[in-house]
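See structure below.
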Amino acid sequence: YLLDLLSGLGDGEGAGVDCPFGWPIAFAEAVAAHADHRPWPGHADREGHYRDLRLRMTDRVTDAALRPLTGRGPLSVSMDKLGATAARWAHLAHHLAERGHPVDRTDTGRVVEVYPAGSRAVWGLAGARSTGALVGVMPWLRFEPGARAAYEGNEHAFDALIAALTARCAVLGLTSRPGGAEEEGAAAVEGWIHLPAADAPARLAPGRS
């Protein structure tokens, strides 16, 4: 079902996936060295190497943007349970590619990596998941009967709503992109988190997009 949805995205449509699209380059290289019985890298700069093992380039960029707002940044895909989710996504991405819909990890396509907690923080919604607070910054937002209660009653459903809104921002070019060759090169391997612009809620209003 999910593969059918992602394969069927049309012009102007996008999907936001709350999952890392890859692992830190340094982590992948270190694991490959270990599997090949080569020396573990990073002995010259253990502190810097450990940081690079834990966080992707996009994680560090996102952390710098969010820490002043929330005091925290993204979790580590290599040193946390999040890695299991990333492995499942890698499996799905493989099958999407087989169907002729490869996912660009730099997030220039229709399927993009999002971080709902980060999107909420950018929009001043870092507290409890609340449709009332969301409507406060997006007064144009309307809900089908019963949908609002579903979002209020399930944090995963609410995050899915934020992911969809962030994906729409990405389609319209209202999210952060890799800046420069170094970030673009890293994103092509590791993935890239789309953080929406702070003024995106107003620019998403009907008639503005």
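The values are calculated or read from the model by the stated rules, or taken from the named source; none is laboratory data. Because the structure is a prediction, the values reported are computed rather than measured. Virtual Cβ from ideal backbone geometry, glycine too; neighbours counted across all protein chains shown. Each accessible area value is taken on the protein alone, full model and side chains, heavy atoms only, with ligands, DNA and RNA left out. Shrake-Rupley method; radii C 1.70, N 1.55, O 1.52, S 1.80 Å.
Of the listed requirements (1) open to solvent by 80 Å² or more (accessible area, probe 1.4 Å); (2) touching a Leu at 6+ places or on another chain (Cβ under 7 Å), Thr62 misses just one: (1).
In the condition set (1) open to solvent by less than 90 Å² (accessible area, probe 1.4 Å); (2) under 24 Å from Cys169 (Cβ atoms), Arg105 is compliant with all but (1).
Every condition in (1) hydrophobic (A, V, I, L, M, F, W, C); (2) open to solvent by 30 Å² or more (accessible area, probe 1.4 Å); (3) under 20 Å from Arg168 (Cα atoms) holds for Val112 except the one numbered (2). For first residues located in the range 82-105 and outside any helix (DSSP H, G or I), partners that are buried (at least 16 other Cβ atoms within 10 Å of the Cβ) and aromatic (Phe, Trp, Tyr) and lie 6+ apart or on another chain with Cβ distances below 8 Å form the pairs Val103/Phe21; Arg105/Phe21; Arg105/Trp192. Within the range 123-160, the only residue that satisfies the criterion of being acidic (Asp, Glu) and in contact (Cβ under 8 Å) with a residue 60 or more places away in the chain is Asp159. For the range 186-209, a residue qualifies if it is out of contact with any strand residue (DSSP E or B) (no Cβ under 9 Å at 6 or more places or on another chain) and within 20 Å of Ala65 (Cα to Cα), and the qualifying residues are Ala186, Ala187, Glu190, Ala198, Asp199, Pro201.
Taken over the range 100-117, the residue count meeting the criterion of being at pLDDT 95 or above and among the basic types (Lys, Arg) is 0. Would you say Ala128 is of a type outside the set (Lys, Arg), open to solvent by 60 Å² or more (accessible area, probe 1.4 Å), at pLDDT below 95 and within 19 Å of Ala117 (Cα to Cα)? For Ala128, the condition - of a type outside the set (Lys, Arg), open to solvent by 60 Å² or more (accessible area, probe 1.4 Å), at pLDDT below 95 and within 19 Å of Ala117 (Cα to Cα) - is met.
I'd like to know if the range 15-31 contains one or more residues that are open to solvent by 50 Å² or more (accessible area, probe 1.4 Å), part of a loop (DSSP other than H, G, I, E, B) and under 30 Å from Leu172 (Cβ atoms). Among the residues of the range 15-31, at least one is open to solvent by 50 Å² or more (accessible area, probe 1.4 Å), part of a loop (DSSP other than H, G, I, E, B) and under 30 Å from Leu172 (Cβ atoms), which makes the answer yes. Cβ-Cβ contacts under 9 Å between residues 6 or more apart (or on different chains), taken from a first residue in the range 33-51 that is touching a residue at least 12 places away in the same chain (Cβ under 8 Å) to a second residue that is of a type in the set (D, E, K, R) and open to solvent by 90 Å² or more (accessible area, probe 1.4 Å), are listed as Pro41/Glu29. Specify the residue that is modelled with the highest pLDDT; the eligible residues are those in the range 42-53 that are open to solvent by 50 Å² or more (accessible area, probe 1.4 Å) and in a loop (DSSP other than H, G, I, E, B). Restricting to residues being open to solvent by 50 Å² or more (accessible area, probe 1.4 Å) and in a loop (DSSP other than H, G, I, E, B), the top hit is Asp45.
Annotation note: of Ala64, Ala35, Ala93, the sole residue that is at pLDDT 95 or above, over 30 Å from Gly124 (Cβ atoms) and under 19 Å from the mean Cα position of the chain (by Cα) is Ala93.
Conditions (1) basic (Lys, Arg); (2) open to solvent by 60 Å² or more (accessible area, probe 1.4 Å); (3) touching an Asp or Glu at 6+ places or on another chain (Cβ under 9 Å), marked per residue:
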site	(1), (2), (3)
Lys81	yes, yes, no
Arg88	yes, yes, no
His94	no, yes, no
Gly100	no, no, no
Pro116	no, no, yes
Trp123	no, no, no
Ala147	no, no, no
Ile162	no, no, yes
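Note on the range 165-203: residues that are assigned to a loop (DSSP other than H, G, I, E, B), touching a residue at least 12 places away in the same chain (Cβ under 8 Å) and either within 15 Å of Val112 (Cβ to Cβ) or touching a Lys or Arg at 6+ places or on another chain (Cβ under 6 Å) (or both) amount to 9.
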